[in-house]
There are 2 protein chains.
Amino acid sequence: MRSVRALAQASARSRRDQFLVEGPQGVREAVRFAADQVRDVYLTAEAAARHPEIEDTARAAGLYVHPTAPEALSAMSEDAQGVLAVLQRRKVSVTAALAGEPRLVALLHQVRDPGNAGTVIRAADAAGADGCILSHGSVDVHNPKVVRSTVGSLFHLPTATGADLAETIATARAAGLQVLAADGAGSLDLDDVADSADSADSAVDTEATTAVTLARPTLWLFGNEAHGLGEAERDLADAVVRIPIHGHAESLNLAMAATICLYTSARAQRRAHR
Amino acid sequence: MRSVRALAQASARSRRDQFLVEGPQGVREAVRFAADQVRDVYLTAEAAARHPEIEDTARAAGLYVHPTAPEALSAMSEDAQGVLAVLQRRKVSVTAALAGEPRLVALLHQVRDPGNAGTVIRAADAAGADGCILSHGSVDVHNPKVVRSTVGSLFHLPTATGADLAETIATARAAGLQVLAADGAGSLDLDDVADSADSADSAVDTEATTAVTLARPTLWLFGNEAHGLGEAERDLADAVVRIPIHGHAESLNLAMAATICLYTSARAQRRAHR
């Protein structure tokens with residue numbers, strides 16, 4: 001019990017190379033998409049009755065499910081709603097996150113807020129992205145708050161961590177991806193870039209004279225929630241794109257901005273490929 | 001001190017008809033856009049030096065700023081970063097939120113999570129919406145967590161509260177708005193609707209044979225973060241639109257979904273009007 005609860009702490013996660021997945025949605029997706037990483041599943045009778053698919057899927061994958069008393073489960077986690085799993089961590093390399101012929105990848109640079117990081121992974125999944133990459137200095141992707149806010153998306157697409165920014169961008173270019181940085185200081189407006197994608201034309205960045213076509217395979221680079229991207233990081237990209245702000249708001253938060261960028265790319269790519 | 005801190009509680013907000021704004025961004029926007037509602041501004045010397053525009057704008061608006069010791073300010077709020085204001089509440093009617101010739105309005109039905117509600121108000125502001133409306137049964141828009149997560153947007157656009165859903169929708173139609181409900185069960189795909197807007201055509205809802213053109217003035221209806229919209233609420237709309245989910249994610253969260261819908265409308269409207 002205590003050893004499970006300890007996985008809420010980074011030190012225990014590192015030492016044992018394991019992490020916690022809390023709640024029915026997360027555990028269901030872990031059992032479906034990452035059964036080989038699952039060590040233990042803990043389930044109260046009530047949760048088992050409410051979510052029969054969890055036990056069914058676990059059994060089909062040869063996983064043993066521990067029937068657990070509600071008090072014992074609460075002692076392991078306060079956010080589990082009767083369902084908890086312990087998983088083996090698996091290191092995903094940047095190369096693995098960029099394998100195949102990726103069309104859409106999200107790269108988070110020094111994102112620190114667990115909810116933001118998890119929500120961007122969820123947005124990337126929903127937009128049909130092929131992978132996510134977090135630079136070193138970002139929040140631990142196995143932090144329970146990150147895992148919870150991905151709502152299972154962590155198991156749907158390869159998520160690399162501890163990446164070096166310049167190396168990742170070089171690898172992405174070699175894999176055929178253009179690199180777009182999302183930043184309020186961008187010289188290109190996302191709507192203009194999207195419009196030019198619609199007209200099968202390309203927006204021209206007058207500063208960098210870089211042709212940007214959203215329909216092309218793209219790696220999106222997103223910066224820290226408080227400080228955005230520095231000049232050195234923006235310079236690594238092919239173009240810096242800003243989301244238009246039409247009202248008096250100063251900005252959008254990171255998760256909202258990333259959701260808009262990823263969905264705008266997804267739409268442009270789908271229009272171009274049908 | 002204690003009377004300021006008490007405004008974190010709904011009962012004190014109701015009794016005194018006042019609410020708290022915490023932090024430099026929120027207070028700066030309150031002083032700029034809602035000076036007539038501001039009763040008191042509390043500022044530490046450090047925060048005054050870091051954000052001189054707050055004191056300047058307050059003085060220009062004839063507002064007195066209380067120089068406040070850090071300990072005294074911390075006793076009033078833990079989330080103020082040295083800047084705090086007490087504002088008079090002002091009831092905004094649905095009619096006021098739909099005044100003029102609105103082109104884009106967000107209607108939140110029984111949204112309960114403060115962060116979600118605040119983020120949608122921020123997204124509506126950034127997308128250039130004319131107003132926001134929260135139905136009765138929604139979170140108190142003057143809850144400090146809501147106010148904080150709007151990051152000042154609460155003072156940028158009229159936000160009506162306690163609205164009756166059917167009446168609001170009738171008023172919106174009378175104001176020339178089409179009513180689109182955002183829901184995973186929608187019969188129309190947002191990308192298809194947006195594509196038809198691009199081709200100056202209109203998507204046809206085969207079930208309801210309703211012509212939906214995103215470029216038209218639009219009220220977006222968003223449901224509760226956990227339960228979405230019920231059938232009765234969806235039936236009040238002209239069409240129900242779903243955001244496409246391309247990966248394995250089950251859904252997007254409310255704030256992400258609302259951001260995408262509002263931005264997609266904003267883009268279609270701007271393309272049509274230039």
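The values are calculated or read from the model by the stated rules, or taken from the named source; none is laboratory data. Just so you know, these numbers come straight off a predicted model, no measurement behind them. Note that each Cβ is placed from the backbone with ideal geometry, even for glycine, and that neighbours are counted across all protein chains shown.
Quick one: A:G118 ticks every box in (1) within 13 Å of another protein chain (Cβ to nearest Cβ); (2) touching a residue at least 60 places away in the same chain (Cβ under 8 Å); (3) not acidic (D, E) except a single one, so which number is it?
(2)
Give the residues of the stretch B:132-153 that are free of Cβ contacts under 8 Å to residues at least 40 places away in the same chain and within 12 Å of another protein chain (Cβ to nearest Cβ), sorted by residue number.
B:C132, B:S149, listed by residue number.
Of the residues in the stretch A:79-130, how many are farther than 17 Å from A:V147 by Cα and of a type in the set (K, R)?
The number of residues fulfilling the criteria is 1.
Are there any strands (runs of 3 or more DSSP E) wholly within the stretch B:1-106 with 3 or more residues that are within 27 Å of the chain's Cα centre (by Cα) and farther than 15 Å from B:G152 by Cα, and if so which? It would help to see each step written out before you state the result.
Values: elements: B:18-22, B:38-43, B:65-67, B:83-88.
The strands (runs of 3 or more DSSP E) meeting that bar are B:38-43.
Of the numbered conditions (1) surrounded by fewer than 19 Cβ atoms within 10 Å (Cβ to Cβ); (2) of a type in the set (G, A, S); (3) in contact with a Leu (Cβ under 9 Å, 6 or more places away or on another chain), A:A163 satisfies every one except a single condition; which is it?
(1)
Mind listing just one residue for me: the one in the stretch A:252-274 that is polar (S, T, N, Q) and either crowded, with 23+ Cβ neighbours inside 10 Å or more than 21 Å from the chain's Cα centre (by Cα) (or both) and, of those, nearest to A:R173 (Cα to Cα)? If you could, list the steps in order and put the result at the bottom.
The first filter runs over the stretch A:252-274 and keeps only residues polar (S, T, N, Q), leaving A:253, A:259, A:264-265, A:269.
From the residues that got through so far, the ones that are either crowded, with 23+ Cβ neighbours inside 10 Å or more than 21 Å from the chain's Cα centre (by Cα) (or both) too are A:259, A:264-265.
On the way: A:T259: 22, A:T264: 20, A:S265: 17 Å.
Looking at the filtered set, the residue picked out is A:S265.
Residues to consider are B:A80, B:A129, B:A58; find the one that is within 14 Å of chain A (Cβ to nearest Cβ) and crowded, with 20+ Cβ neighbours inside 10 Å. Let's see the steps before the verdict.
On the way: B:A80 fails: within 14 Å of chain A (Cβ to nearest Cβ); B:A58 fails: within 14 Å of chain A (Cβ to nearest Cβ).
The conditions single out B:A129.
To keep it simple, each residue is scored yes or no on (1) under 30 Å from A:R274 (Cβ atoms); (2) modelled with pLDDT under 95; (3) of a type outside the set (F, W, Y); (4) outside the structural domain of A:D36 (by TED's automatic domain parsing).
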| site | (1), (2), (3), (4) |
| --- | --- |
| A:H156 | yes, no, yes, yes |
| A:D164 | no, no, yes, yes |
| A:T171 | yes, no, yes, yes |
| A:A197 | yes, yes, yes, yes |
| A:D205 | yes, yes, yes, yes |
| A:V212 | yes, yes, yes, yes |
| A:L221 | yes, no, yes, yes |
| A:I245 | no, no, yes, yes |
| A:A258 | yes, no, yes, yes |
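Considering the stretch A:226-235 alone, what residues qualify as being buried (at least 19 other Cβ atoms within 10 Å of the Cβ) and in a loop (DSSP other than H, G, I, E, B)?
A:L229
Would you mind finding the one in B:R242, B:R267 that is in contact with a Gly (Cβ under 6 Å, 6 or more places away or on another chain) and within 14 Å of chain A (Cβ to nearest Cβ)? Full working, then the answer.
Details: B:R267 fails: in contact with a Gly (Cβ under 6 Å, 6 or more places away or on another chain).
Matching residue, one of B:R242, B:R267: B:R242.
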